[in-house]
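The values are calculated or read from the model by the stated rules, or taken from the named source; none is laboratory data. It should be emphasised that the depicted structure is a prediction, and the values quoted were computed from it without experimental measurement. Cβ placement follows ideal geometry from the backbone for every residue including glycine, while neighbour counts extend to all protein chains displayed. For accessibility, only protein heavy atoms count, side chains too; no ligands or nucleic acids. Shrake-Rupley method; radii C 1.70, N 1.55, O 1.52, S 1.80 Å.
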Amino acid sequence: MIGYVKIYKPELRVIDYELYRAVYCSLCRQMGKLYGPFARFALNYDFTFLSLLEISQKKECPAYKKARCVFNPLVRCNNVKGCSDELSYAADAAIITSYYKVKDNLKDRGISKRIKAGLVYPLFALFYRKAKKRSPKVDEYVKEYIAAQDDVERRSSDSLDEAAEPTAVMLQRLFEDIGEDDISKRVLSRIGYCIGKWIYLLDAADDLEDDIKLKNYNVLAVKFGIKEYDELLIKKAREYITSTLNVCRTEAAASAQLLDVNRYHDIIDNILYLGLEYTQNNVILRKKVLKNTYALSDK
């Protein structure tokens, strides 16, 4: 997961921002508790959203308690109490997907990325062994995603739908598992699929120049026949997928309206209607991200 699923802070009420931050900090704390302090580096906003959706369905209202931040002891953060199971699922998923990402980076053509991956691989391999035992289903989802994605890249597919399908299906399964009943599972399944497809295509647009330079597979480069840096073609490729990205965002947001949530409704809407759009615009239009716009940039 990339970390694209963020809130849009300027349009979020202070109380909702604090609640979101509490979930983020609690997930960070849970990852440290389960896997050790260095596992916290696998945390990102995408998994915070997963935890947020799972906790939002709980019938019992969670409690919140102030606790000192591990990385900045001078700061006292709100933490969610009584939601260890919900936080643990996202923590396991974060570790497992990060492990496979590090493993994939070892094969990257960029030297700096390979060196960084080599340095952290032993640590993440250790985390992964524990996470696999805790959440074998999640590991199976990610393994199937890796195999399907490798097949797409091996064939150098120029189909956006085919290239995005492995990521979409993986998130579909991860989201479906946090549903409380059959109806919520179906709704969450669709949200996960749409967001997964959106993440993959947006990441392809974001990495387009780097992938062209390093000769890495990128579905947009293949579709538009971009083999060397060409500013006009790159711009055209990014603009081409805008309508598909908009459909993914719209469908995810519409599906979320069918989800029976007991809390965090305004935060979820903020992310799906405003946060995704703002992130997308910054990638597609190459705008400079405003400081302190996102969730915890001022932490």
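Assorted remarks:
- Members of the stretch 216-237 that are among the aliphatic types (A, V, I, L, M) and over 20 Å from ASP150 (Cα atoms): ILE226, LEU232, LEU233, ILE234, ALA237
- Every test in (1) touching a Cys at 6+ places or on another chain (Cβ under 7 Å); (2) open to solvent by less than 10 Å² (accessible area, probe 1.4 Å) is passed by LYS197 save one, and that test is (2).
- Yes/no for ASN79 being closer than 26 Å to ASN262 by Cα and not β-branched (Val, Ile, Thr): yes
- Filtered residue count, the stretch 138-161, keeping only those that are open to solvent by 70 Å² or more (accessible area, probe 1.4 Å) and part of a helix (DSSP H, G or I): 6
- In the stretch 1-44, the qualifying residues are those that are more than 20 Å from TYR64 (Cα to Cα) and of a type in the set (Ser, Thr, Tyr), and the one that is most open to solvent (accessible area, probe 1.4 Å) is TYR8.
- Considering residues of the stretch 87-112 that are under 20 Å from the mean Cα position of the chain (by Cα) and of a type in the set (Lys, Arg) only, the residue farthest from LEU50 (Cα to Cα): LYS103
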